Amino acid sequence: MPHRPGMTENAIMPDPRMAPTPSAASSPSSLSSMLPGSRSTALITIFIVLMALITVSGAAADAAADFSDDFWFGIATAPAHQEDQLDDVWQKFAREGHVRAWKDVPRAEERLRAWSEPETDIRLAAETGVQVYRMGVDWGRLVPDCSLDTTEPDSCRIQNEAALKHYEEILGLVRRYGMKVMLTLFHHSFPKWGTWPEEAVAAAAKQRERDKGDLSDRLNAGSGTGLMWQHPNAAQLFVTFGLDVVRRLGHLVDFWVIFNEPVIFTALSHCMGMWPPGPAVTSVPVQVNCLTNPATGSLKAQLNMVAAHRQMYVLIRQAEQERGWPAAPVGVAHLLMDTRPYVSYGTAHQVDSATELFLKLFARYLFIDMLRDVLDFCGINYYGEEIIHDGGPASLPQEVEYSSNGRGISATGMVNVLSQFHSRYANDPEARFTGPEGYGYVITENGIADGSDLLRPAYITEHLVALAHARSVLDIPVRGYIHWTITDNWEWADGYCPKFGLVSVDRSHPAMPRTPRLSYWLYKDIVQARRVSWRQKEEAWANATRAAANNQTHDVCRVGVLALDTPLQARILAGSDDPHGNPIDWRFNASNIRLDAEATRRASTLLVASMAFSKATGIDPLADTVETMAALSNKWDTLMAEHQSRMDRWETQRADFDRYTQMATSVNGTGFMLDAIGHWMGIYHYPPNPPLPPALPPFPPPSNPYPPSPPPPPPSPSHPPVVFDLWSASQLAFGTAAALVAGTAGPAVVLLTGGSSGGREDSDSGADASAGHLAGHPSKHLDGVDQRVFLIQPGGLVPPSAAPVRPGSVGQGPAVVSSARPDPWVLTVLALAAALLAGLSAWGSWGAKRRRSATRAGPGEAGSAGKRGGENGGRFEML
């Protein structure tokens with residue numbers, strides 16, 4: 001198995017060069033006798049100690065983000081992005097001209113040759129040191145021949161045995177490279193036989209539409225496209241395929257992702273027509289009803305996907321029990337965007353605020369609500385923020401830094417969505433992933449489209465710092481981080497224009513050679529050190545701001561929802577000012593975290609007005625296919641024009657919108673105002689979750705999948721922990737010198753410096769005796785010095801922020817949480833110098849005392865006087 005630096009114990013253990021030295025063996029009694037020493041020696045010692053404090057403090061603060069042993073890093077990929085020799089829906093969609101930046105790209109259909117040459121990108125991923133490799137299997141490749149209308153689901157089991165065997169070889173290759181496998185069963189690619197059916201099936205669908213009555217007759221509706229996830233058989237056919245995959249590949253899988261971004265897939269495929277099969281749906285009311293009406297469109301498809309997931313969860317557990325496999329966590333990869341309304345001079349448009357809430361209720365929470373009891377982990381795909389303006393995604397190129405595929409960059413947004421999401425499910429007894437048997441959260445995708453690689457380094461460092469804050473400060477149980485992706489690839493309807501890879505690929509060359517970018521080496525360093533240093537963070541941001549100052553540009557492949565064949569150029573904005581004089585700074589900022597207050601927000605006037613219009617005109621788009629919905633879209637636009645359109649002239653309908661909003665905001669306390677309004681109007685309802693089998697085996701509690709670091713050796717009996725109760729600046733200097741010496745020798749030391757009052761009530765750090773001593777001995781005030789408690793351990797000066805702190809007591813306030821690794825040679829030299837000076841001072845003081853004692857007392861009294869001074873002098877106490 002290849003060596004994986006990211007998982008070595010040395011990354012978290014103290015440097016072995018920090019060994020005990022003979023000079024560090026000074027006892028507290030001898031150190032206490034230093035205090036009356038010569039003034040010159042004391043000044044030198046103070047200077048050395050202050051330099052040591054600066055060195056240690058700098059080293060302790062060097063980590064902008066630290067990640068513990070039970071946290072892991074990964075790389076994500078997908079079949080439709082990478083695999084060659086794949087005749088899937090995306091290839092057909094691209095050949096028909098619906099994919100931008102594709103037809104003129106060299107070797108477009110070969111993608112990244114991950115099928116014929118899988119080791120190329122797997123090796124690049126493994127060399128970063130990541131512990132998890134996320135990939136998928138393509139349903140259509142394994143089941144190339146089926147029909148949604150089949151009455152024999154077993155006929156649609158895996159048919160391509162050679163392809164299944166090759167997938168098994170690829171998973172084995174990932175594991176031989178030392179990575180665990182996260183396997184996705186559905187990643188935005190429905191088989192062609194369910195997307196473009198045969199002519200006989202299409203004709204039958206057309207007849208069904210005609211039989212529905214007046215609505216279909218008026219539209220002349222018909223279906224040349226399949227129903228995909230809207231079909232009642234879709235869930236069972238998927239489960240049939242998925243169970244075969246589990247039985248054949250389950251022994252190689254460490255994590256299961258059943259669906260990737262189901263809400264996005266159903267919206268863009270079923271309601272917008274932007275993804276296969278098309279065509280585009282243009283009417284806003286039709287789109288909204290498709291997104292919110294469970295009798296058709298996105299919600300109907302999601303309900304079938306929920307049913308499929310629930311069945312797969314049980315079948316995976318049964319397969320593991322039957323075969324004696326360890327339980328692999330099961331989850332979904334759910335896209336979350338940090339949405340916010342556009343604010344112009346402090347005022348957000350009413351429609352924008354309503355649309356933001358609509359997106360949160362229907363795109364953020366609803367799918368997870370229906371699955372929360374069968375999710376071992378909740379995967380979060382986060383790329384950036386979405387600013388809502390005029391009821392849709394905004395394009396603000398002078399005010400927001402956008403990635404190449406049109407996503408606003410916001411590292412704080414990651415914490416926003418995590419904190420809002422966790423606040424909804426943390427105390428929900430039905431949410432398995434946040435309960436005692438759950439695995440928590442996983443960042444299943446995070447990355448940026450940036451071919452220039454000028455923004456990606458800062459994007460990586462800032463998002464990891466944000467993630468560390470969510471884990472350590474907000475206590476959100478995020479277990480892993482997966483970067484999207486390793487190599488530039490085919491990005492859905494945007495084609496090859498967006499560049500998400502840590503590695504670039506030269507598609508003009510027959511061998512398609514790879515070139516790691518600067519961000520590849522940065523991510524590798526972070527993964528292997530398990531930390532983001534302040535130097536890495538600051539240099540990455542400085543790189544972006546220099547690019548902005550030099551008017552450098554990067555590609556723009558999408559403007560709003562419009563994808564481009566030829567990218568535009570946009571100036572990098574990091575660190576500059578927008579037209580209103582506001583700084584453009586998308587770094588993580590804890591003071592900008594926004595928590596949700598759903599019950600106090602306005603409901604979506606867009607949805608309410610759409611429902612009211614549908615009810616008033618007697619038109620409710622119960623369309624089965626995207627093609628039918630597109631025809632309905634055109635007819636609806638015509639009818640709206642005839643009825644003076646309540647929907648496309650917002651300003652003329654202000655009174656109606658205000659009335660609907662007032663009605664919506666009168667529903668308080670539940671956070672589900674749209675549900676309440678929908679039930680009241682009789683437009684829609686959500687069916688209850690089907691019950692799970694009672695024999696569902698519990699998922700074992702989370703455990704560290706990697707070997708933990710050995711515990712530090714216990715303190716030597718000759719050097720027990722020491723507490724220094726420091727009452728003056730001079731004693732602070734001497735005490736720090738002693739602490740540095742003792743810290744390098746082995747025992748943990750608690751240092752209390754100045755402050756107003758009090759100490760710790762309890763401690764989880766292992767120094768219980770120290771905590772008790774501090775609680776009983778309040779320190780005295782030291783003007784100008786903030787009160788702090790530190791642990792001085794082998795390897796550095798560390799604030800013990802994990803231990804409980806009484807409000808207003810020692811340790812309260814912000815602190816850098818770091819497993820610092822200061823330069824061991826610097827500490828060793830400083831410690832030896834301090835010990836030498838301390839020894840000289842102690843020797844001189846002891847000699848002077850002895851001479852004075854000899855002149856004032858007899859020989860017997862001199863010895864006892866010296867002994868008493870060693871026992872009781874100073875304020876150092878043995879515990």
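Work out how much length Arg546 to Trp521 would gain on full extension: take 0.36 nm times their residue separation and subtract the Cα-Cα distance, in nm to one decimal.
So the chain would gain 7.0 nm between Arg546 and Trp521.
Given a Förster distance of 25 angstrom, what is the FRET efficiency for Asp577 paired with Ser423, based on the Cβ-Cβ distance and rounded to 0.05?
Taking R0 as 25 Å, the efficiency between Asp577 and Ser423 is 0.15.
Take Val561, project a point 7 Å from its Cα along the Cβ direction, then tell me which residues of the stretch 391-426 have their backbone nitrogen under 14 Å from it.
Residues passing the 14 Å test: 391-395.
Place a +1 charge on the Cβ of each Lys and Arg in the stretch 370-410 and a -1 charge on the Cβ of each Asp and Glu, then give the dipole magnitude about the Cα centre in debye, rounded to the nearest 20.
That gives the stretch 370-410 a dipole magnitude of about 100 debye.
On the full set of protein chains, 1.4 Å probe, figure out the accessible area of Val343 and give it in Å² to the nearest 10.
70
Would you mind computing, in nm to one decimal, how far apart the modelled labels at Gln398 and Thr553 are, each placed 7 Å from Cα along Cα→Cβ?
Computed distance between label sites Gln398 and Thr553 equals 1.7 nm.
Where the Cα atoms of the stretch 70-146 are projected onto their three principal axes, how long is each span, largest first, in whole Å?
Cα extents, longest axis first: 46, 33, 22 Å.
With only alpha-carbon pairs counted, each pair once and no self-pairs, how large is the Kirkwood hydrodynamic radius of the stretch 473-515 in angstroms?
It works out to 12.5 Å.
Would you please give the residues with an amide H less than 5 Å from that of Arg134, counting only those at least 5 places away or on a separate chain, with H modeled from the backbone geometry?
Ile75, Ala76, Thr77, Met182
In terms of modelled amide H atoms, which long-range or inter-chain residues lie less than 5 Å from the amide H of Thr339?
Residues meeting the amide H criterion: Glu386.
Work out how far the C-alpha atoms of the stretch 291-407 reach from end to end along every principal axis, then list the three figures in whole Å, largest first.
62, 33, 22
Would you please give the FRET efficiency between Ser472 and Leu595, computed as 1/(1 + (r/R0)^6) with r the Cβ-Cβ distance and R0 = 25 Å, to the nearest 0.05?
0.90
Excluding Gly278 itself, calculate the net charge of residues whose Cβ lies under 10 Å from the Cβ of Gly278, where each Lys or Arg counts +1 and each Asp or Glu counts -1.
Counting the neighbours of Gly278, the net charge comes to -2.
Taking 0.36 nm per residue of sequence separation and subtracting the Cα-Cα distance, how much length would be gained by fully extending the chain between His509 and His251, in nm to one decimal?
Additional length available on full extension: 89.1 nm.
List every residue whose amide H lies under 5 Å from the amide H of Ala64, counting only residues 5 or more places away in sequence or on a different chain, with H placed 1.01 Å from N in the peptide plane.
The list, which skips near neighbours in sequence, is Val532, Ser533, Trp534.
Assuming R0 = 22 Å, can you tell me the calculated FRET efficiency for the pair Trp325 and Ser155, based on Cβ-Cβ distance, to the nearest 0.05?
0.20
Kindly write out, for the stretch 510-523 in residue order, the coupling ³J(HN,Hα) from the Karplus curve 6.51 cos²θ - 1.76 cosθ + 1.60 (θ = phi - 60°), rounded to whole Hz, with x marking Gly and Pro.
Those phi angles translate into x, 7, 6, x, 9, 9, x, 7, 4, 5, 4, 5, 5, 4 Hz.
Between Glu539 and Ser68, what length comes free when the chain is fully extended (0.36 nm per residue of separation minus the Cα-Cα distance, one decimal in nm)?
167.2 nm
Quick one: with all protein chains in place, what share of the accessible area of the stretch 468-514 is carbon or sulfur, to the nearest percent (1.4 Å probe)?
56
Lys103 label point, 7 Å along Cα→Cβ, cut-off 18 Å on backbone N: hits in the stretch 80-96?
In the stretch 80-96, the label zone of Lys103 (backbone N under 18 Å from the point 7 Å along Cα→Cβ) covers 90-96.
Select from Val99, Cys146, Gly136 the residue farthest towards the positive end of the dipole of the stretch 82-161; place +1 on Cβ of Lys and Arg, -1 on Cβ of Asp and Glu, and compute about the Cα centre.
Positive-most Cα among the choices belongs to Val99.
Over the Cα atoms of the stretch 455-601, how large are the radius of gyration and the largest Cα-Cα distance (Dmax), in Å?
17.7, 58
The values are calculated or read from the model by the stated rules, or taken from the named source; none is laboratory data. From a predicted model like this one, the values you see are computed outputs, not experimental measurements. No Cβ is skipped: glycine too gets one built from the backbone with ideal geometry, and neighbour counts run over all protein chains shown. The accessibility values were calculated without ligands, DNA or RNA, using every heavy atom of the protein model including side chains. Shrake-Rupley method; radii C 1.70, N 1.55, O 1.52, S 1.80 Å.
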